[in-house]
Amino acid sequence: IRRPPRSTPKPSSAASDVYKRQYLMYAIIQAGGRQHRVTPGEVVRLDLMQSEQGATFETDQVLLLQADDGEVRVGTPVVSGAKVQGEVVEHMKDRKIIVFKRKRRKGYRRKQGHRQQYTLVRISEISA
């Protein structure tokens with residue numbers, strides 16, 4: 001079966017606008033011993049925090065910050081004067097995982113379940 005050759009579309013001037021770089025403000029924060037990339041309006045999943053639902057979340061542990069104009073500030077170890085603010089949406093539990101230990105030919109079997117608890121936080125503002 002013969003197929004017609006594929007034709008490649010010619011790039012127009014409107015298509016070249018797609019390749020222009022657009023910068024979004026984001027920050028890399030440290031919370032609960034882990035690093036998270038956050039943007040304003042995003043809901044992130046952090047380790048369980050001892051705070052009520054609807055409470056405000058604020059951290060100054062900002063390791064890297066990119067502004068809307070594309071300027072990147074890297075902290076040593078944190079960016080001075082930078083803050084990330086948000087609110088606690090809810091506390092949840094992850095799906096259950098099964099921890100099963102076994103030693104062959106010895107009759108040793110142990111089964112244990114675990115559900116990790118975490119907190120959902122909606123990021124409202126990143127300030128420098």
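The values are calculated or read from the model by the stated rules, or taken from the named source; none is laboratory data. None of these values were measured; they are calculated from a predicted model. Note: ideal-geometry Cβ built from the backbone for every residue, glycine included; neighbour counts use all protein chains shown.
Inside region 99-119, residues that are closer than 14 Å to M49 by Cβ and exposed (fewer than 15 other Cβ atoms within 10 Å of the Cβ) make up a count of 2. For region 12-41, the set of residues classified as at pLDDT 60 or above and part of a loop (DSSP other than H, G, I, E, B) consists of R21, Q22, Y23, L24, M25, G32, G33, T39, P40, G41, listed by residue number. Screening region 49-128 for strands (runs of 3 or more DSSP E) wholly inside it with 2 or more residues that are of a type in the set (V, I, T) returns the ranges 56-59, 72-74, 83-93, 97-103, 117-127. Please go through region 61-98 and give me each residue that is surrounded by fewer than 13 Cβ atoms within 10 Å (Cβ to Cβ), touching a residue at least 12 places away in the same chain (Cβ under 8 Å) and of a type in the set (D, E, K, R), ordered by number. Residues satisfying the conditions are D68, D69, E90, K93, D94, R95, K96.
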